[in-house]
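Shown next, in structure tokens, is the structure this report addresses.
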Amino acid sequence: MKKNRILVNLITFIALVAAAGCVQFGKVDQGRVIAYDKGTRTLTMIRDVTPKPRDMNVDLFFPDYTVLPPVQYRLPDDPKESGPEPKAGLRMKLDLVKKQVIVFDPGSQTLKTIDYVLVEQKENVRKDDPLVYDYHLKKARNFPEIGRGKKTITLYSSRQNTLVIFALPEPYFDLPDSTWVAGDEVRVYYKEPGIARRFMNVSKTDIYKK
């Protein structure tokens, strides 16, 4: 009997180890949304290649959206596994030092760098600053502000706490307004390529909220 129990326990252990070896762990991907199809719940994003651990929020302050081509993910059907639907935009980076805006060009499927002429720049502008928040309407002001008459564009970067107004040549004002919009930063957990098991809208998630 004792030998039989030992044999049964050994077989059970081997089965458990074998089962554990067959477990397929998922992967995490993160990027900025450049397109979102509400009907199919499919997003297209450009990956963030910042080499920082994904369980640390430090990486959110220094993103690097340069991996091409863009990738697509279908969001989970279960509301419990999916955060708020993402906002799409083509602006990848606002470089205040070099005075450049890096955008994704859907036509060529490449990143383009646009040099601008600075008109005005205000730093240390928090989200509740009257410059970017309308206390009468109790909501944030909409950016970008496209001044086609003056040939200026006003952007607000909440990450950099900066409100900037810059001028561009006239041809740039033929581009869609989404060119200057920073899409939401999102994070997906997946096992099968293109199918998100879990979805987090980082831009619309307050990690400090209890």
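In table form, for the structure just shown:
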quantity: Top-ranked residue in the stretch 111-141 [being among the polar types (S, T, N, Q) and surrounded by 11 or more Cβ atoms within 10 Å (Cβ to Cβ); ranked as nearest to Leu168 (Cα to Cα)]; calculated: Thr113
quantity: Contacts under 6 angstrom Cβ, first residue in the stretch 33-60 being at pLDDT 95 or above and surrounded by 17 or more Cβ atoms within 10 Å (Cβ to Cβ), partner assigned to a loop (DSSP other than H, G, I, E, B) and acidic (Asp, Glu), 6 or more apart; calculated: Val33/Asp184
quantity: Of all residues making up the stretch 109-131, the number that are under 21 Å from the mean Cα position of the chain (by Cα) and free of Cβ contacts under 8 Å to residues at least 40 places away in the same chain; calculated: 4
quantity: Hey, Tyr156 surrounded by 11 or more Cβ atoms within 10 Å (Cβ to Cβ) and at negative phi or not; calculated: yes
quantity: The lone exception for Asp78 - which of (1) in contact with a strand residue (DSSP E or B) (Cβ under 6 Å, 6 or more places away or on another chain); (2) modelled with pLDDT under 95; (3) of a type outside the set (Gly, Ala, Ser) it fails; calculated: (1)
quantity: Residue list for the stretch 92-150, restricted to those being out of contact with any Leu (no Cβ under 6 Å at 6 or more places or on another chain) and of a type in the set (Lys, Arg); calculated: Lys93, Lys98, Lys112, Arg126, Lys127, Lys138, Lys139, Arg141, Arg148, Lys150
quantity: Verdict on Val103 being over 18 Å from Val33 (Cα atoms) and aliphatic (A, V, I, L, M); calculated: no
quantity: Qualifying residue in the stretch 143-153 (condition: under 25 Å from Asp48 (Cα atoms) and not assigned by TED's automatic domain parsing to the domain that holds Met45); calculated: yes
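The values are calculated or read from the model by the stated rules, or taken from the named source; none is laboratory data. No experiment lies behind these values; they were computed from the predicted model shown. Counting neighbours? That spans all protein chains shown, and the Cβs are built from the backbone with ideal geometry, glycine included.
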